[in-house]
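**Q** The structure under discussion is supplied below as structure tokens; questions concerning it will follow.
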Amino acid sequence: MTTSNAALRRWVEETAALTKPASIHWCDGSDGEYRALLDLMLGRGDLIRLNPETYPNCYLHRSDPTDVARVEHLTFVCTPDKATAGPNNNWLEPGEAHRRMDGLFAGCMQGRTMYVVPYCMGPIDSPYARCGVEITDSAYVAVNMRLMTRMGRAALERIEREGRFVRGLHSTGDLNPDRRFITHFPDELLIKSFGSGYGGNALLGKKCHALRIASWQAADEGWLAEHMLIVELESPAGERHYVAAAFPSACGKTNLAMLIPPESLAGWKVRTIGDDIAWLHLDAEGTLRAINPESGYFGVVPGTNPDTNRNAFDMIRRDTIFTNVAVTADNEPWWEGKGHGTPAIDWQGRPYDPANGPAAHPNSRFTVTARQNPSYSPMADDPAGVPISAIIFGGRRRELAPLVYQAKDWQHGVLVGASVASETTAAATGKVGVTRRDPMAMKPFCGYNFGDYWRHWLSFGERSDRLPAIFHVNWFRQDDQGRFLWPGFGDNLRVLRWIIDRVEGRVGARETAIGHLPRPEDIDLNGADVSADALKALLAVEPASWRTEMESIESYLQEYGNRLPDVLLEQHRAVVRALG
Ligand code: SAT
Ligand code: MN
């Protein structure tokens with residue numbers, strides 16, 4: 001196979017000349033190709049077949065133990081000018097970055113197959129979708145890209161029609177952490193990633209393309225590329241709403257996108273459009289419409305069980321690739337919080353010994369096509385996307401942030417998004433549980449200066465008067481004994497209901513300095529295991545703590561200097577004044 005697109009042909013030739021692969025394979029995305037790649041990896045021991053009776057067509061991949069999460073300190077945005085990348089990114093001068101990366105890539109595919117993986121982010125016939133090509137020497141990447149994106153022939157045909165695509169060059173190299181770099185060249189629509197075979201470092205369609213490069217394209221073209229799930233909610237009366245919600249990695253996006261209504265809210269239907277990324281465009285009427293650029297999920301495994309997320313639990317019973325989980329004596333995948341079974345072999349392939357830590361890596365993942373999701377919404381394939389009624393920001397915070405509040409308007413909502421803070425998780429290497437600012441949950445993923453990004457967000461306020469309302473939620477509040485105050489999971493629908501009622505103008509609110517909060521009677525607790533006292537604590541706004549928080553937000557925002565839009569500072573001052 002080859003292509004009629006001369007730029008792609010040339011790039012493949014140049015890359016082959018640099019990396020010197022033994023052979024080149026153009027991925028067509030067929031079932032036969034998928035099976036052949038799985039067989040190849042099974043033969044090499046890169047994949048282990050799991051119990052074919054209980055987990056048909058499921059496989060385990062163990063990544064290198066040093067290569068189990070995104071590496072933010074090794075991820076770079078290489079714009080000609082450092083200020084364009086902003087204080088939110090690591091920066092390398094593009095010439096220097098190319099030299100360093102090309103040095104690593106030189107000869108790195110000797111004896112290996114080079115896969116050329118054309119893919120489309122978004123429904124193949126959507127004007128909002130964008131294509132890319134990943135060149136990789138990893139068969140694991142190729143099969144994951146097939147599950148996660150619209151990969152293969154149809155994508156290549158679209159590239160040949162449009163002539164435009166993002167280039168992503170990837171090699172696992174020798175997996176030496178000292179020779180591991182993930183670099184982005186936004187104005188060349190180019191990614192070069194070396195030395196990792198894991199998730200967001202290696203599946204370049206996901207965070208590298210659909211967020212870092214796409215956020216840059218979006219700023220230029222007037223849309224938004226966001227780290228958001230998209231969920232469809234249908235009330236018992238048949239009223240439908242679509243909500244987009246941004247949370248940092250491993251804070252429950254997949255669970256919220258696949259939520260199962262509690263028994264007391266029977267009659268509600270919740271369906272998934274996407275679980276990680278949303279591309280948002282204004283249509284001709286000024287409605288904000290969202291597509292999910294992905295077509296599969298790369299979800300956190302630990303904690304998945306029939307009570308927390310029955311949909312996900314059932315979804316990963318077949319045709320799933322597991323990465324870094326443990327296995328039982330019956331060769332079933334096992335993870336902490338599975339609810340049954342015992343691990344025999346840990347995620348590193350050693351006999352399980354609790355002294356070595358958890359059996360499954362805390363950032364172990366499943367890769368599965370979205371089609372297998374019992375709550376899949378066919379609207380995920382609509383080329384026009386879905387109209388968004390509400391945008392939600394959230395983080396993982398044991399204190400301060402209430403269960404839910406609504407921003408006063410779009411401008412205030414942008415400040416609320418810019419102020420998001422969250423405790424770090426195992427999705428990235430580094431210390432877990434440290435609270436850091438993670439604006440719009442995009443700290444690791446915004447491909448340019450946050451100051452300019454917030455200005456871009458604010459510009460939507462001038463372009464439409466039909467924008468979604470903006471909310472902030474926190475499912476992770478704890479009491480002084482460290483117990484969660486809110487049950488989360490299915491019960492989060494109680495909060496989503498209030499949000500929809502606000503959007504529809506059906507419910508009042510308590511006006512506070514930080515925004516509009518529900519009155520306790522506005523959250524339906526019928527059938528929920530939440531005491532009146534807990535709800536009171538969840539909805540409290542403590543002025544003294546918020547004054548401290550606002551000081552910390554201000555010093556964070558000031559890091560962006562003259563790139564920081566004045567409007568955000570004005571919004572900030574208004575909150576401080578209202579706190580008294
Ligand atoms: O490693 S990924 O970026 O794909 C997952 C995540 O951190 O959200
Ligand atoms: Mn994510």
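**Q** Which percent, nearest 5, of DSSP beta bridges in the chain are antiparallel?
**A** So the antiparallel bridges in the chain amount to around 65 percent.
**Q** Calculate one ³J(HN,Hα) per residue across the stretch 485-500 by plugging θ = phi - 60° into the Karplus curve 6.51 cos²θ - 1.76 cosθ + 1.60, and present them in order as whole Hz with x for glycine and proline.
**A** For the stretch 485-500, the Karplus-derived couplings read 7, 10, x, x, 6, x, 5, 4, 4, 4, 6, 4, 4, 4, 4, 5 Hz, x marking Gly and Pro.
**Q** Then there is this: So which GluC sites (Glu not before Pro) in the stretch 40-142 end up in coil per DSSP with only 13 or fewer other C-beta atoms within 10 Å?
**A** GLU53
**Q** Using the C-alpha atoms of the stretch 323-436, what convex hull volume per residue, in cubic angstrom, is computed?
**A** It comes to 188 Å³ per residue, whole-number rounded.
**Q** Going by Cα centres, the stretch 317-386 and the stretch 510-580 are how many Å apart?
**A** The stretch 317-386 and the stretch 510-580 have Cα centres spaced 36 Å from each other.
**Q** Further question on the same structure: So for LYS20, LYS443, LYS206, fewest C-beta neighbours within 10 Å to most, what's the order?
**A** Numbers: LYS20 16, LYS443 21, LYS206 24.
Listed from fewest to most nearby Cβ atoms, that is LYS20, LYS443, LYS206.
**Q** Still on this model: In whole Hz, what ³J(HN,Hα) sequence does the stretch 367-375 give by Karplus (6.51, -1.76, 1.60; θ = phi - 60°), x for Gly and Pro?
**A** For the stretch 367-375, the Karplus curve yields 10, 7, 6, 4, 4, 7, 6, x, 9 Hz.
**Q** Report, ordered by chain and residue number, the lysines lying within cross-link reach of LYS253, taken as a straight Cα distance under 30 Å and ignoring same-chain residues fewer than 8 apart.
**A** Qualifying lysines at Cα under 30 Å: LYS192, LYS206, LYS207, LYS269, LYS338, LYS408, LYS431, LYS443, LYS536.
**Q** Nearest 20 debye, what's the magnitude of the dipole of the chain about its Cα centre given +1 on Lys and Arg Cβ and -1 on Asp and Glu Cβ?
**A** The dipole magnitude comes to about 520 debye.
**Q** Also: In the P(r) worked out for the stretch 270-313, what percent of Cα pairs fall beyond 12 Å?
**A** 70 percent
**Q** So, one more: Using each residue's phi in the stretch 252-258, evaluate 6.51 cos²θ - 1.76 cosθ + 1.60 at θ = phi - 60° and report the 3J(HN,Hα) Karplus result to the nearest Hz, with x for Gly and Pro.
**A** For the stretch 252-258, the Karplus-derived couplings read x, 4, 4, 5, 5, 5, 10 Hz, x marking Gly and Pro.
**Q** Still on this structure: Search the structure for amide H atoms under 5 Å from the amide H of PHE471, placed 1.01 Å from N in the peptide plane, and list their residues when 5 or more places away or on another chain.
**A** Under 5 Å from the amide H of PHE471 lie the amide H atoms of ILE391, ILE392, PHE393, ALA407, each far enough along the sequence or on another chain.
**Q** OK, next. Which of the GluC sites (Glu not before Pro) found in the stretch 499-561 are loop residues per DSSP with 13 or fewer other Cβ atoms within 10 Å of their Cβ?
**A** GLU504
**Q** May I pose another question? Could you work out the mean projected area of the convex hull around the alpha carbons of the stretch 297-368, in square nanometres to one decimal? Let's see the in-between values first.
**A** Numbers: hull surface 17.3 nm².
Quarter of the Cα hull surface area: 4.3 nm².
**Q** For the chain, what D do you get in µm² per second when you plug the Kirkwood radius from alpha-carbon pairs into Stokes-Einstein at 37 °C and 0.692 mPa s? The partial results should precede the final answer.
**A** Values: Rh = 24.3 Å.
Using the Kirkwood radius from Cα pairs, D works out to 135 µm²/s.
**Q** Now, a different point. Just to confirm the filter: which GluC sites (Glu not before Pro) across the stretch 191-289 are DSSP coil and have at most 12 other Cβ within 10 angstrom of their Cβ? Could you put the intermediate results ahead of the total?
**A** Values: sites: GLU221, GLU226, GLU232, GLU234, GLU239, GLU263, GLU285; in loops: GLU239, GLU285.
Passing sites in the stretch 191-289 are GLU239, GLU285.
**Q** Pull out a ≥ b ≥ c, the square roots of the eigenvalues of the alpha-carbon gyration tensor of the stretch 1-49, then state rounded if a/c is under 1.5, prolate if not and a/b is larger than b/c, and oblate in the remaining case.
**A** Cα axes put the stretch 1-49 in the oblate bin.
**Q** Separate question: Per residue of the chain, what 222 nm ellipticity follows from adding -39500 (n - 2.57) for every DSSP H run with n ≥ 4, rounded to the nearest 500?
**A** Mean residue ellipticity, 222 nm, calculated: -8500 deg cm²/dmol.
**Q** Right, here's the next one. Beyond 16 Å, what percent of the Cα pairs of the stretch 1-97 remain?
**A** Cα-Cα pairs in the stretch 1-97 separated by more than 16 Å: 76 percent.
**Q** How are the alpha carbon pair distances in the stretch 130-230 distributed across 5 Å bins from zero to the largest one, expressed in percent?
**A** The calculated distribution, bin by bin, is 3, 13, 23, 24, 21, 12, 4, 1, 0.
**Q** Compute the Kirkwood hydrodynamic radius of the stretch 115-180, taking the inverse of the mean of 1/r over all pairs of distinct Cα atoms, and give it in Å to one decimal.
**A** Answer for the stretch 115-180: a Kirkwood hydrodynamic radius of 12.5 Å.
**Q** Dipole of the stretch 297-368 (Lys/Arg Cβ +1, Asp/Glu Cβ -1, origin at the Cα centre): which of HIS340, VAL327, TYR297 lies farthest to the positive side?
**A** About the Cα centre, the residue reaching furthest to the positive side is TYR297.
**Q** Now, a different point. Residues with amide H under 5 Å of THR435's amide H, sequence separation 5 or more or different chain, H placed in the peptide plane at 1.01 Å from N; which?
**A** Amide H to amide H, under 5 Å and 5 or more residues apart or across chains, THR435 pairs with THR424.
Each reported figure results from applying straightforward, stated rules to the coordinates on display, with no laboratory input. Predicted model only: the values in this text are computed from it and were never measured. A quick note on method: Cβ atoms are made from the backbone with ideal geometry, for glycine too, and the neighbour counts reach across all protein chains shown.
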